[in-house]
Amino acid sequence: MYNIGIIGCGKIAQLRHLPEYAARGDVRIAGVYDRNQERGEAVAKNYGAKSYHTYEELLANPEIVAVSVCTANNSHAEISMKALQAGKHVLCEKPMALTREECREMVRAAERNGRHLLVGHNQRFLKTHQEARRLLQEGAVGKLISFETHFTHAGPETWSIDAGKNVWFFDKDKAVFGAMADLGVHKTDLIRYLTGQEIVLSHAFLETLDKKGGDGTPIAVDDYAVCYYRLEQGAAGTMTVGWSNYGREDNSTILYGQEGVMKLYCDEKYSLIIEKKDGTRVSHEIDRIQTNAGQSKSGVIDEFIECISEDRESIISGREALASMEAVFSAIENADTMGLAGKRRELR
């Protein structure tokens, strides 16, 4: 039986981490911590756990062997490294951390302390993505030429535990990044996973187009981003992410090869479609994409516990997450910031 601690009891913890741990027969949720003490106590009561007044007190419990870090972005690195130093295995929510050095230090801390560090890149566990990776490797659409991937929805203020225009995702001090890191890190990691290739060139366009805070002024982080990525074997493509899609959530990917096109989650019924250049079409009904409104089992919690049990490297290890974050950091550093935090550059 593995005793688990939950640090941060917001929406992602309540929708995924807590129920998925509770569904396993070999896990006990032993302790929780949340800055909102009342929320933490309510969660603890619901799961038969202890509510701690500080996360340091939770980490000091020697019976807790692993923790989920589900806090705001600006505390991921600090809490994760303290947990690793305390001898805990760590599952950290994305984005991994705020700087390259923080990400690298998290990986080093895991290695120094002989503990597993995983980051919640759940898109690698979707069956359609796993089948697409296999088919790409088999050459189902020939050599990859280009790609486009999307992740857009109505924004975190519509589903966060403290929903509304003052949500922490819009607070630059707590979130630091906007849609580019919130959603873009998922699709950056997915492109690396699907293709088995590293991203060698990146550039982004970041904007604040629509979102406003509680005071009516534009938020200080990006709510829309378009990124150009080039892969190590020459293929190139775009990633579009945003928080201002007020229709159906879009989490689609299209891969263009020399022999055809592969479409993922572009069709309501068929999650994987291959269109060959000879006109043939093969449609696969595999699964449905996870959405904020339609949650399904992530696979992340099972992977975390199994990695601990089997003492093996994970496909969502800290080192894998670091490689994806490197591409995100490069894209942001090379970004054109139009209309972001008061900056605007226009053609004359």
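Quick note: the coordinates plus some simple rules give every number you see, no bench work behind them. If you're wondering where the values come from, they're calculated on a predicted model, not measured in any experiment. Glycine also receives a Cβ, built like all others from the backbone with ideal geometry; neighbour counts cover every protein chain displayed.
Summary table
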| quantity | calculated |
| --- | --- |
| Pairwise label distance in nanometres, LYS45 with ASN166, each label 7 Å out on the Cα-Cβ vector | 2.5 |
| Bridge type composition, the chain - antiparallel percent by DSSP, nearest 5 | 55 |
| Selection of chymotrypsin sites (Phe, Trp or Tyr not before Pro), the stretch 15-56, meeting DSSP coil and at most 16 other Cβ within 10 Å | none |
| Farthest toward positive dipole pole in the chain [+1 Lys/Arg, -1 Asp/Glu at C-beta], among ILE4, GLN258, ILE332 | GLN258 |
| Cα-based convex hull volume of the chain per residue, rounded to whole Å³ | 144 |
| Nearest-20 debye value, the chain charge dipole, Cβ charges on Lys, Arg, Asp, Glu | 180 |
| Total charge dipole magnitude, the stretch 53-157, about the Cα centre, Cβ charges on Lys, Arg, Asp, Glu only, Debye to nearest 20 | 480 |
| Whole-angstrom Cα spans of the stretch 1-81 along principal axes, big to small | 33, 25, 19 |
| Candidate aspartates and glutamates - alpha carbon under 14 Å from LYS11, same-chain residues fewer than 8 apart omitted | GLU20, ASP34, GLU93, GLU157, ASP162 |
| Positive dipole terminus of the chain, leading residue within LEU201, CYS70, PRO19 (C-beta point charges) | LEU201 |
| For q = 0.11, 0.17, 0.19 Å⁻¹, Debye-computed log10 I/I(0) when each Cα of the stretch 200-336 counts as one equal scatterer | -0.63, -1.30, -1.34 |
| SER244/ASP311 FRET efficiency (R0 35 Å; Cβ-Cβ; nearest 0.05) | 0.20 |
| Candidates VAL27, VAL141, VAL261, ranked by Gaussian network fluctuation over the chain, Cα under 10 Å, top entry | VAL27 |
| Peptides 220-226, 266-272 ordered by average Cβ neighbours within 10 Å, highest first | 220-226, 266-272 |
| Tensor-based shape of the stretch 148-188 (alpha-carbon gyration tensor, a/c under 1.5 rounded, otherwise prolate or oblate) | oblate |
| Coil-residue GluC sites (Glu not before Pro) of the stretch 1-108, DSSP, other Cβ within 10 Å capped at 13 | GLU63 |
| Tensor-based shape of the stretch 81-217 (alpha-carbon gyration tensor, a/c under 1.5 rounded, otherwise prolate or oblate) | oblate |
| Hits among aspartates and glutamates - C-alpha to C-alpha of LYS276 under 15 Å, sequence gap 8 or more where chains match | GLU138, GLU259 |
| Rounded, prolate or oblate (a/c below 1.5 giving rounded, otherwise prolate when a/b exceeds b/c) for the stretch 1-156 by Cα gyration tensor | prolate |
| Extension reserve of the LYS11-ASN74 stretch, reckoned as 0.36 nm per residue once the Cα distance is removed | 21.0 nm |
